[in-house]
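The values are calculated or read from the model by the stated rules, or taken from the named source; none is laboratory data. No experiment lies behind these values; they were computed from the predicted model shown. Cβ atoms come from the backbone with ideal geometry, glycine included; neighbour counts cover every protein chain shown.
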Amino acid sequence: MEKVRIKEESMGSVGIKSIGIYVPPKLKDSARISELSGIPEVVIKEKFGITHVHEASDEETVTYMGIEAAKRALKDFNPESLDLVVYCGSEYKDYYLYNCAAKIQYELGAVNANAFEIHSLCSAGVYSLKVLKSMMLCDDNLKHVLLVSSSKETQIIDYENQNSRFMFNFGDGAAAVLLEKGLNKNVILETHMISDGQFAEDVAVYGVGCRNFKKENDIKCKDKFLDVRDIKSMKERLDPITLNNFNKVIAESVRKSGYENKDINFIAPIFMKKSILINILEKYNLTEENSFVLDKYGHCQSSDAFISLVEGYKKGRLKKGDVAVLLGAGTGYTWAATTIRWG
């Protein structure tokens, strides 16, 4: 069965050729987050799961970090050989209504590539693998595609707003993934997503957008930060379903890929509370050694799963032939998982 699977994938596969990560050198540790938020440092460390996050300087824009990650992913690969550059990171970018993908394409010298963007908040990176794999297999002109995610959302977090405390784990950083058609290495298999639009307006920057266009001169500074409309209502609706939805997308992604839950070797998660991650791992008879806790990165939006893959590989937790599941979730609310056969 495995020989058949490998043969089919080599004929119509898309693999991850390389992954590049960029995080700013400046750190914001648990003590600083505690100072800003008024939450005891022990809670930041143990409950939030944060040792430190990376904090971008004024010069390290979303585009800048994306370009730096892309350079690391490309290594010796000629940017002129890229066919497409796609940005899937934070919608909070260098400018309001701005084509980040086009800027990255230009700065890399990817003169033969087209560029566009995919947005699904923090699940975009995981789901974009499905979108791009499908495009590449359907289009003879797409052999090499670069996917870039970047986030500087720490800049729009109000640490005095306790309603948004679940976002105090945000960190700055970027990831870039080079995809190659016909590559029988780190093969992208199948994806599953769950969307629940009842949460669509629960989290937003409420002071910016067409709803407030005529009132923008009156917008207070706090209205330009990420906020939660009704945290009690959101938690009451979200808490009973989120763990189950994580497990559903994992199981369905694996099943669609021709495997069973028992075949999972590694889970590359979005940043989440350690207790939730352990709960998920235990369901598949896995431990922390089969994943990577992002306690020194925080939540870098849709870059998280790619950072987890890189760190898991570095630590020897992700091995040749392993079945790895990339896991994401985004406000709105969406849950997504993509299965990869590593190596």
For this session: Please work out which residue is nearest to Glu46 (Cα to Cα), limiting yourself to the stretch 256-282 and to residues that are without any contact (Cβ under 8 Å) to a residue 12 or more places away in the chain, in a helix (DSSP H, G or I) and not aliphatic (A, V, I, L, M).
Result: Ser275
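Results for (1) farther than 29 Å from Glu153 by Cα; (2) modelled with pLDDT under 95, shown as yes or no for each residue.
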| residue | (1), (2) |
| --- | --- |
| Leu243 | no, no |
| Ala251 | yes, no |
| Asn265 | yes, no |
| Lys273 | no, yes |
| Cys300 | no, no |
| Val310 | no, no |
| Lys314 | no, no |
For this session: Mind checking which helices (runs of 4 or more DSSP H) fall wholly inside the stretch 47-153 and carry at least 3 residues that are at pLDDT 95 or above and touching a Leu at 6+ places or on another chain (Cβ under 6 Å)?
Result: 124-138
Exercise. Taking interchain pairs and intrachain pairs at least six residues apart, which have beta carbon atoms under 7 angstrom, with the first residue in the stretch 198-212 and in a loop (DSSP other than H, G, I, E, B) and the second among the aliphatic types (A, V, I, L, M)?
Worked result: Asp202/Val228; Asp202/Met234; Val205/Ile156; Val205/Leu226; Gly207/Ile219
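Mind telling me which of the residues Ala251, Ala176 ends up being under 17 Å from the mean Cα position of the chain (by Cα) and either in a strand (DSSP E or B) or within 30 Å of Ile19 (Cα to Cα) (or both)? Quick ask: steps written out before the conclusion?
Working: Ala251 fails: under 17 Å from the mean Cα position of the chain (by Cα).
Result of the check over Ala251, Ala176: Ala176.
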Exercise. What's the number of the condition Ala305 fails, among (1) more than 15 Å from the chain's Cα centre (by Cα); (2) assigned to a helix (DSSP H, G or I)?
Worked result: (1)
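Here is a yes/no grid of residues against (1) at positive phi; (2) free of Cβ contacts under 8 Å to residues at least 12 places away in the same chain; (3) of a type in the set (A, V, I, L, M, F, W, C); (4) not assigned by TED's automatic domain parsing to the domain that holds Arg255:
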residue	(1), (2), (3), (4)
Leu108	no, no, yes, yes
Phe116	no, no, yes, yes
Val131	no, no, yes, yes
Asp140	no, yes, no, yes
Ser150	no, no, no, yes
Arg165	no, no, no, yes
Asn169	no, no, no, yes
Leu178	no, no, yes, yes
